[in-house]
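The values are calculated or read from the model by the stated rules, or taken from the named source; none is laboratory data. Given the structure is predicted, the values throughout are model-derived calculations rather than measurements. Here the Cβ is made from the backbone with ideal geometry for all residues, glycine too, and neighbour counts use every protein chain on show.
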Amino acid sequence: MATANLPKPAALPRSSRRTSFEKTLASARSTMMFSEVVKLAIDSFKASKVRFLLTMLGMIIGSASIILVVTLGLTGKQYALNLISSIGPNMIEMQYNGGDRVGPDNTSTPDFMTREDMQAVVEQVPGIIAASPMLEFHDRVSMGGGIVKDTMLLGVSPQYKEVRNLMILSGRFFDDQDAVSHTKVAVIVEPFAKALFGSARAAIDHSITISGIPFVIIGVFKESVETFGQSEISDQTILIPYEVARYFTGTNSVKQLFFTMKDSSLVIPASSEILEIIKSRHRPTSVYTAFNLTQVLSVMEQIANMLTIVLTLAAAITLVVSGVGIMNSMLANVQSRIKEIGIRKALGATSHEIRLQFLTEAVFLSLSGGLIGTVLGLAIPLSVSFLTPFKIPVSAWSAVIALATSMLVGVLFGTLPANRAARLDPVQTLKYE
């Protein structure tokens with residue numbers, strides 16, 4: 001059988017083979033030079049352990065400080081956001097802010113919202129999981145034993161508990177059956193219960209009289225987060241069913257409506273929809289506003305992020321100060337090794353190799369301190385999270401920033417000593433004593 005005549009591979013030109021050989025040789029020399037430089041840096045560190053360890057201490061503290069500062073910033077941010085979220089992150093509050101309506105007899109009356117407005121919103125806006133009107137009025141309430149107090153009463157629906165994220169400390173909150181049957185029950189705030197009865201538990205089943213009508217206290221509550229009187233709930237607030245409260249006021253008008261959305265992403269678009277529906281049911285001159293915590297959360301997050309950045313930059317100053325220490329240490333190192341530098345140059349070492357050697361030592365020094373500090377900075381919050389029920393957030397970016405800054409400090413502050421070593425005259429260095 002005949003064999004095919006396969007073409008022989010073309011031989012490379014002599015010049016191409018020489019270029020390839022030179023590139024391979026240069027690469028091998030670079031690798032050997034770098035490994036030799038690293039070995040010399042390690043030997044130099046072993047020869048002056050105490051001095052280098054003291055120099056590294058600043059880098060260790062600085063790197064750990066960056067991570068701990070970022071961790072503290074994230075922890076404070078999470079705590080603040082959790083506090084605000086506890087009030088009701090998905091809550092939308094509609095308020096009446098002015099504007100009158102004119103009756104048949106040309107008299108002007110406030111154009112308040114109504115429960116029918118709330119029902120229209122619930123029917124038209126998707127994603128609402130809870131809603132409540134709030135009817136506010138003040139009355140003198142008899143507590144028994146001749147005690148009479150001027151008290152703020154709020155008529156709300158059973159869903160108000162979910163809308164405002166209230167915590168029931170004792171007893172229960174009134175339910176739909178209480179509202180439908182117009183049961184005369186009340187839920188009072190914790191400070192009021194303690195002032196009148198000594199404790200939240202002791203207040204349960206006691207009777208109070210509102211406008212001559214007895215009400216039974218069935219529960220004691222508090223807000224999830226202390227609002228210090230900045231919300232509609234004060235230290236002497238009593239909640240009663242809206243259906244009962246309207247008999248004391250003789251009107252269906254309300255100044256505030258509360259809604260809770262299924263998801264926080266629906267809050268902003270739903271706020272606009274709710275506002276449009278309310279406006280469409282009232283006079284054009286009437287003013288209503290939709291308030292939600294989404295904007296507050298966004299502003300709080302921006303403030304926390306900015307504070308974290310500022311504190312991180314302040315911690316980075318420690319690394320800069322440590323860089324000055326590294327530079328002084330390396331200058332002293334160059335001074336003590338002048339004879340060695342002269343011998344290496346006499347044996348053929350170039351200025352580039354000398355410069356690379358001392359620059360590598362400076363980077364090795366700073367990066368080693370940064371690595372130890374990073375490990376310590378991460379170990380502290382992780383240990384707290386592991387050993388305690390508190391979950392502390394840790395940012396991986398803080399470790400990256402700490403290590404990158406450590407390397408940058410080593411390069412910047414190691415350049416001057418390295419250049420000084422590279423510029424030394426080989427003849428003068430050999431004569432140096």
| task | Please work out if Glu226 is part of a loop (DSSP other than H, G, I, E, B), at pLDDT below 90, charged (D, E, K, R) and out of contact with any strand residue (DSSP E or B) (no Cβ under 9 Å at 6 or more places or on another chain). | result | yes
| message | Just to verify a result, which residue in the stretch 134-184, among those that are under 16 Å from Ala200 (Cα atoms) and not hydroxyl-bearing (Ser, Thr, Tyr), is farthest from the chain's Cα centre (by Cα)? | response | Met143
| task | Could you pull out the residue among Ile277, Ile338, Ile326 that is over 30 Å from Ala64 (Cβ atoms) and in the same structural domain as Gly370 (by TED's automatic domain parsing)? | result | Ile338
| task | Scan the stretch 282-325 residue by residue and report those that are among the charged types (D, E, K, R) and surrounded by 14 or more Cβ atoms within 10 Å (Cβ to Cβ). | result | Glu301
| request: Answer yes or no as to whether Leu412 is touching a Ser or Thr at 6+ places or on another chain (Cβ under 8 Å), part of a helix (DSSP H, G or I), modelled with pLDDT under 90 and surrounded by 14 or more Cβ atoms within 10 Å (Cβ to Cβ). | output: no
| Which is in contact (Cβ under 8 Å) with a residue 40 or more places away in the chain, within 21 Å of Tyr96 (Cα to Cα) and among the β-branched types (Val, Ile, Thr), of Val244, Val267? | Val267
| Sole exception among (1) in contact with a Pro (Cβ under 8 Å, 6 or more places away or on another chain); (2) at pLDDT 85 or above; (3) not small (Gly, Ala, Ser) for Asp205, by number | (1)
| message | I'm told Asn328 meets every condition in (1) surrounded by 18 or more Cβ atoms within 10 Å (Cβ to Cβ); (2) within 17 Å of Leu53 (Cβ to Cβ) except one. Can you identify the failing condition by its number? | response | (1)
| task | Specify the residue that is modelled with the lowest pLDDT; the eligible residues are those in the stretch 163-193 that are surrounded by fewer than 18 Cβ atoms within 10 Å (Cβ to Cβ) and touching a Ser or Thr at 6+ places or on another chain (Cβ under 7 Å). | result | Asn165
| request: Can you tell me which residue among Ala304, Ala290 is assigned to a strand (DSSP E or B), modelled with pLDDT of 80 or more and in contact with a helix residue (DSSP H, G or I) (Cβ under 6 Å, 6 or more places away or on another chain)? | output: Ala290
| field | Which listed residue, of Met306, Met261, is closer than 30 Å to Pro241 by Cα and either in contact with a strand residue (DSSP E or B) (Cβ under 9 Å, 6 or more places away or on another chain) or of a type outside the set (Ser, Thr, Tyr) (or both) | value | Met261
